[in-house]
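Working notes, beginning with the structure itself.
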């Protein structure tokens, strides 16, 4: 199987992966559905450009990461951004 491009929120959403924020200050981890983030910051936003604030310690600039362990057989994939259904 060829390597899949996973750069944008849309890519993660199509492949059923979650976005992970891991605070370097306190170690708290939070996971988000890409489709929820797409509604506020857009489909083509790249993961490396997304920053957040830690809800536990308040640290700003927490970087988003791809959560490689979030794709599980029992976790359904979301519809593609163009609405054609599962990819």
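The values are calculated or read from the model by the stated rules, or taken from the named source; none is laboratory data. Here the structure is a predicted model, which means the values were calculated and not measured. Ideal geometry is used to build each Cβ from the backbone, glycine not excepted, and the neighbour counts take in all protein chains shown.
In region 1-24, which residues are exposed (fewer than 13 other Cβ atoms within 10 Å of the Cβ) and either touching a residue at least 12 places away in the same chain (Cβ under 8 Å) or in contact with a strand residue (DSSP E or B) (Cβ under 7 Å, 6 or more places away or on another chain) (or both)? Before the answer, list the steps.
We begin by selecting, within region 1-24, every residue exposed (fewer than 13 other Cβ atoms within 10 Å of the Cβ); these are 1-5, 24.
Correct list: 24 only.
Residue by residue, here is whether (1) at pLDDT 95 or above; (2) in a helix (DSSP H, G or I); (3) over 17 Å from residue 13 (Cα atoms); (4) touching a helix residue (DSSP H, G or I) at 6+ places or on another chain (Cβ under 7 Å) holds:
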residue	(1), (2), (3), (4)
26	yes, no, yes, no
36	no, yes, no, no
58	yes, no, yes, no
62	yes, no, yes, no
72	no, no, no, no
76	no, no, no, no
81	no, no, no, yes
86	no, no, no, no
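Kindly evaluate residue 31 against the criterion of being at negative phi, surrounded by fewer than 17 Cβ atoms within 10 Å (Cβ to Cβ), in contact (Cβ under 8 Å) with a residue 12 or more places away in the chain and part of a helix (DSSP H, G or I). Full working, then the answer.
Values: at negative phi: yes; surrounded by fewer than 17 Cβ atoms within 10 Å (Cβ to Cβ): yes; in contact (Cβ under 8 Å) with a residue 12 or more places away in the chain: yes; part of a helix (DSSP H, G or I): no.
Taking the combined requirement at face value, the residue does not satisfy it.
May I ask you to list the residues in region 11-37 that are farther than 18 Å from residue 69 by Cα and under 13 Å from the mean Cα position of the chain (by Cα)?
Listed by number, the residues that qualify are 36, 37.
So, in region 38-55, exactly how many residues are assigned to a helix (DSSP H, G or I) and more than 16 Å from residue 70 (Cα to Cα)?
At the first step, the residues of region 38-55 found to be assigned to a helix (DSSP H, G or I) are 38-41, 47-49.
Those left that are additionally more than 16 Å from residue 70 (Cα to Cα): 38-41, 48-49.
Matching residues across region 38-55 total 6.
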